[in-house]
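Comments concern the structure below.
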Amino acid sequence: MGVIGGNDYNHAFREKNNEAARKFVPLVVHTIASAIHVRNTNFNGKIFPRILTEAFPVQELIELGAVTFLVPGNFPIGCSPDLLTNYQGSNKDKYDPLTGCLTWLNQFSQHHNELLRTELEKLRNRHPDINIVYADYYNIAMRFYHSPKQFGFKETLKACCGIGGLYNYNSSRSCGYPPLKSSCNDPSSYISWDGIHYTEAANKWLANVVFEDLMKSITCVPH
């Protein structure tokens, strides 16, 4: 399952509607736990499977034969250049002195992840013969910020592709739009690509750890 709810949270935070973002959490967690809809969609005369985030509960996917689910948690959004820029100028006590990330935003991610893990445990109890694996994006990614040199990163909070400023991010002149057509010389030394998404290097480290954890967690399910 992909990361669900991130854009809902980010939109609210970009509007600085922090209360709305927090109210989204139970709904987002419920959606992740119970709503994957697979539908056949006609596209140019061909039939393709389409995944929608409503209706089709996990139970139905299980009945269709799904035996392993990988469910990711939320990232440490307090380290994201776009939100760091949006809340730039916050009181010093709002930042983690070791990483420079906004503590309260990372606490929000942890809140989401705690509720999600609780919901996933309920699903495991209902379906003990099914593999439901939680991908701990938050704690994996926090390793990058605590020990960047270990992973080859030189810039932790700046975007590789940006227009300048403290975090090299500007929402009105984002990466890929004129006149912003260039990026940093070495993207692999950055965690953030465009202020919102990770670089290929960061995603590679993330994927490797998630895959290792997945292989340790799953068990063969007889049919």
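Rule-based calculations on the coordinates, nothing more; no lab input. Everything quoted here is computed from the prediction, not taken from an experiment. Every residue, glycine among them, receives a Cβ derived from its backbone with ideal geometry; neighbour counts consider all protein chains shown.
Details
- Residues within the reach of a label modelled at K154 (point 7 angstrom out along Cα to beta-carbon, backbone nitrogen below 15 Å), restricted to the stretch 188-213, are 188-192.
- For F69, distant residues with modelled amide H under 5 Å away: N131, I132, V133
- In a fully extended conformation the segment linking S188 and N125 would gain 18.6 nm over its present Cα-Cα distance, using 0.36 nm per residue.
- Residue pairs, from the table K94/K154; K16/K158; K16/K204; K94/K158; K122/K204; K154/K204, whose Cα atoms sit over 25 Å apart: K16/K204; K122/K204
- Label-point gap, in nm, between H30 and K94 - each point 7 angstrom along Cα→Cβ: 3.0
- Per-residue 3J(HN,Hα) values for the stretch 141-155, derived from phi via the Karplus relation 6.51 cos²θ - 1.76 cosθ + 1.60 with θ = phi - 60°, read 5, 5, 4, 4, 7, 7, 9, x, 5, 4, 9, x, 9, 9, 10 Hz in sequence order (x marks Gly and Pro).
- Paramagnetic reach from S171 (point 7 Å along Cα→Cβ, amide N under 19 Å) across the stretch 65-108: 75-91, 102-106, 108
- Count Lys and Arg as plus one, Asp and Glu as minus one, and take only other residues whose Cβ is under 14 Å from that of K158; the net charge is then -3.
- Efficiency of FRET between E63 and N139 - r from beta-carbon atoms, R0 30 angstrom, step 0.05: 0.35
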